[in-house]
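**Q** My structure is below; once you've seen it, I'll send some questions.
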Amino acid sequence: MQTEPEKLTTCNPRNWVKNYADYLYNYAITRINEDELARDLVQETFLAALEKIEKFEGRSNERTWLTAILKNKIIDVYRKKSSALLKQGIIETENDNTQDFFNPDDGHWNDKHRPQAFGIEDFDILGKKEFNQILQRCLSKLPSLWLSVFTMKHLDDESAETICTALKISSSNFWVIIHRAKVNLRSCLQKNWI
């Protein structure tokens, strides 16, 4: 005889702001880089959770559940920005002209665009507050679609297929955007960090 899974935790909405608002805000701001929008998304997350509190099964903790709701709201923001760019015709439909960066004969970097060594021996560079501030500034300079694709891929570990579906972009556009975002981030970091 099968029994229903036991609830691991129960929701306590009275403590959500105190316990999770800062965490959710930090999660949102690193993915969208807009203070006001990040705050709004956290509020919308709490409202959506209140509306669906009876569906909380307790198989995860509140923070995980709230983060999942926020993540979906962030993807909705990405999707809106992406569809607005599609309507404006800003997203290229042709393959990228990679000859700007790569030698067409062998596929290696052109000398002009070859990444330079950072020259930093500290392997815990991501843990440094100063580096993170510069990285956030560099991320904020990316076009919104590039930022969306980059954060979904490298912060949220989403698959390329999931990102393409969510943002309604082709696979080739995805790889062009990822490439351009990485090249721009590296250039920005080289100029501002080293």
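The values are calculated or read from the model by the stated rules, or taken from the named source; none is laboratory data. Values in this document were obtained by computation on a predicted structure and should not be read as measured data. Don't worry about glycine lacking a Cβ; one is built from the backbone with ideal geometry, like all the others, and counts go over all protein chains shown.
**Q** Residues to consider are 48, 38; find the one that is surrounded by 18 or more Cβ atoms within 10 Å (Cβ to Cβ), modelled with pLDDT of 90 or more and out of contact with any Pro (no Cβ under 6 Å at 6 or more places or on another chain).
**A** That would be 38, the only listed residue that is surrounded by 18 or more Cβ atoms within 10 Å (Cβ to Cβ), modelled with pLDDT of 90 or more and out of contact with any Pro (no Cβ under 6 Å at 6 or more places or on another chain).
**Q** Taking the condition surrounded by fewer than 19 Cβ atoms within 10 Å (Cβ to Cβ) and either hydrophobic (A, V, I, L, M, F, W, C) or more than 23 Å from residue 130 (Cα to Cα) (or both), does residue 183 pass?
**A** Yes.
**Q** Out of 98, 67, which single residue is of a type in the set (S, T, N, Q) and modelled with pLDDT of 85 or more?
**A** Testing whether each residue is of a type in the set (S, T, N, Q) and modelled with pLDDT of 85 or more leaves just 67.
**Q** Considering only residues of segment 74-95 that are surrounded by fewer than 17 Cβ atoms within 10 Å (Cβ to Cβ) and at pLDDT 70 or above, which is farthest from residue 176 (Cα to Cα)?
**A** Restricting to residues being surrounded by fewer than 17 Cβ atoms within 10 Å (Cβ to Cβ) and at pLDDT 70 or above, the top hit is 76.
**Q** Turning to a different aspect of this structure: Among the residues of segment 108-130, is there at least one that is surrounded by fewer than 17 Cβ atoms within 10 Å (Cβ to Cβ), at pLDDT 80 or above and of a type outside the set (Gly, Ala, Ser)?
**A** no
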